[in-house]
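S.K.: Dropping the structure in here first, questions after.
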Amino acid sequence: MRGIMIDSHVHLDAEQYPDPSGPIKRALYAGVTAMVVPGTGPASNRKIIDLARKNPDVVYPALGFHPERFDQTDLDADAVLDVIANERASICAIGEVGLPWYGARAADANVDAQAKRRLAQFARIAADMDLAMILHAPHRRAAEALEIICAAKVRRAVFHWHKADETTTRAIIDAGYFISLTPEVSYRERDQELARMIPVNRMLVETDGPWPYGGQFAGRLTEPAFIKETVAAIAHLRCTTIDDIATATTANARELFGIG
């Protein structure tokens, strides 16, 4: 493969990567030259900033507050906002942020209202600071998240681990935002349909490691190097070359995150 690739979403701060230098080295060997690492809360954000400083021009940090982490408080959210302001020059996005879907409390009306207010706050800051957003908004939450970020006039965003219906997917594309595909595109029909539907100029690739995958990835710790196989699967589905998909998704990631 001649083209270079970017993993647009991998949690290298997770405990499954006690020494991220190994996955980073294997990714570079596979042609994955940059990795966007989103934060999930105050402690995660601190680790990511440190990791990026140790791996300049390879690890690109985003700072966020994961909507599924219900153990986090409003004080934690305020702390994240402070760090975003302080680290504006060194981060590439606000994320991972969004709306909850999983778990019993996701159906709680109070939690839902709080999550929407919080996402709107992050969206306003992203618009004011001209930062990209990395959105966690599975299934029907994608349409709600889209409405919130459009209202805030967010210029750049990616819907990561996307699972919404075709109407919402086309609305995201029409709004000028990006959608990322995971290694599931290698074996899951829903993701393969997405790969055929999304225009290549609106497409990113991600591993979302350490999320465990099935198919050819079953039993393997997810690493950024999996992007190589993900790109190959998309190329096969779209009847084009691996280099074409690698080049397009890399250009898209550079545009979205301002990666030089």
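The values are calculated or read from the model by the stated rules, or taken from the named source; none is laboratory data. Since the model is a prediction, treat every value here as computed from it, not as a measurement. Virtual Cβ from ideal backbone geometry, glycine too; neighbours counted across all protein chains shown. For accessibility, only protein heavy atoms count, side chains too; no ligands or nucleic acids. Shrake-Rupley method; radii C 1.70, N 1.55, O 1.52, S 1.80 Å.
S.K.: If packing is taken as the mean number of other Cβ atoms within 10 Å per residue, what is the order of 9-16, 37-44, 167-174, highest first?
M.R.: Final packing ranking: 37-44, 9-16, 167-174.
S.K.: Show Lys116, Lys54, Lys47 ordered by accessible area, largest first, where the area counts protein heavy atoms only and the probe is 1.4 Å.
M.R.: Per-residue accessible area, sorted high to low, gives Lys54, Lys47, Lys116.
S.K.: Roughly how big is region 154-249's charge dipole about its Cα centre, with Cβ charges of +1 (Lys, Arg) and -1 (Asp, Glu), in debye to the nearest 20?
M.R.: 180
S.K.: Please get the size of the charge dipole for the chain, origin at its Cα centre, with Cβ charges of +1 on Lys and Arg and -1 on Asp and Glu, quoted in debye to the nearest 20.
M.R.: 380
S.K.: Right, next: Carbon-plus-sulfur fraction of the accessible area of the chain, 1.4 Å probe, in percent?
M.R.: 52
S.K.: When the C-alpha atoms of region 183-260 are aligned to their principal axes, what extent does each axis show, in angstrom, from largest down?
M.R.: Extents along the principal axes, in whole Å: 33, 27, 19.
S.K.: Heavy-atom accessible area per residue, the chain, 1.4 Å probe: how many Å²?
M.R.: Accessible area per residue: 43 Å².
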